[in-house]
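K.L.:
This is the structure I have questions about; it appears just below.
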Amino acid sequence: MNRQELHQFVYQFIAARKYGVISSIGPRGEPQSALVGIAISPELEIVFDTVKTSRKYPNLKADPRIAAVIGWEGEQTVQYEGIAVELKNGELLRAQAIYFSAWPSGVERQKWPGIAYFLIRPIWIRYSDFDTGRIEEMRW
């Protein structure tokens, strides 16, 4: 599979799932994980929302490195590492359109106090299917 085909395959794989587990680095260097609702852009950027009172919010503001795992059924999964940025202004509107198309209920959450939106830009992605032994990687 060439890079363009793999890119499209990974996009479809992630788009078919609603949740992912993200991991950030806590204030003492400890890993912290959380289940979040996700959406994916055609550029393989992951969008999610959170509140500023969560553990992940200050973690990502201090250290934007993030890892995610998406999918686990049928021994198929995507491991994803990237850089998370809190979104503002025009970039926020673009990402919200992607997020709200996957999560229409997210429109109501905009009213929550302290709601924030993050976009993860990929650095490394690995698709694995342990039933077939297929493993594919992409790096940026």
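The values are calculated or read from the model by the stated rules, or taken from the named source; none is laboratory data. Being a predicted model, the structure only gives us computed values, none of them experimental. A quick note on method: Cβ atoms are made from the backbone with ideal geometry, for glycine too, and the neighbour counts reach across all protein chains shown.
K.L.:
For segment 65-140, which fully contained strands (runs of 3 or more DSSP E) count at least 2 residues that are crowded, with 17+ Cβ neighbours inside 10 Å?
P.N.:
Output list reads 65-70, 76-86, 115-129.
K.L.:
Right, here's the next one. Filter segment 46-89 for residues that are of a type in the set (D, E) and farther than 21 Å from R134 by Cα and give the result.
P.N.:
Across segment 46-89, the qualifying residues are D49, D63, E86.
K.L.:
Being assigned to a strand (DSSP E or B), of a type outside the set (S, T, Y) and in contact with a Phe, Trp or Tyr (Cβ under 8 Å, 6 or more places away or on another chain) is the filter here; which residues of segment 30-64 pass it?
P.N.:
Across segment 30-64, the qualifying residues are L35, V36, G37, A39, I40, I46, V47, F48, D49, V51.
K.L.:
Does any residue of segment 6-29 turn out to be of a type in the set (A, V, I, L, M), closer than 21 Å to E136 by Cα, assigned to a strand (DSSP E or B) and modelled with pLDDT of 95 or more? Before you say what the answer is, go through the steps one by one.
P.N.:
In the first step, residues of segment 6-29 are kept if they are of a type in the set (A, V, I, L, M); the result is 6, 10, 14-16, 21-22, 25.
Filter once more, keeping what is closer than 21 Å to E136 by Cα: 6, 10, 14-16, 21-22.
Cutting the leftovers down to assigned to a strand (DSSP E or B) gives us 21-22.
Then drop every residue that is not modelled with pLDDT of 95 or more, which leaves 21-22.
Looking through segment 6-29, at least one residue is of a type in the set (A, V, I, L, M), closer than 21 Å to E136 by Cα, assigned to a strand (DSSP E or B) and modelled with pLDDT of 95 or more.
K.L.:
Any residue in segment 50-61 that's in contact (Cβ under 8 Å) with a residue 12 or more places away in the chain: show its pairings with residues that are in a helix (DSSP H, G or I) at Cβ separation under 6 Å, as long as the two are six or more apart or on different chains.
P.N.:
Final answer for the pair search is T50/K56; T50/Y57.
K.L.:
Name the pairs whose Cβ atoms lie under 6 Å apart, with the first residue in segment 98-109 and farther than 9 Å from G37 by Cβ, the second among the aromatic types (F, W, Y), and 6 or more positions between them or separate chains?
P.N.:
V107/F100
K.L.:
Can you list residue pairs whose Cβ atoms sit under 6 Å apart, with the first residue in segment 63-91 being modelled with pLDDT under 95 and the second being aromatic (F, W, Y) and part of a strand (DSSP E or B)? Count only pairs 6 or more apart in sequence or on different chains.
P.N.:
Cβ pairs passing all conditions: L87/Y117.
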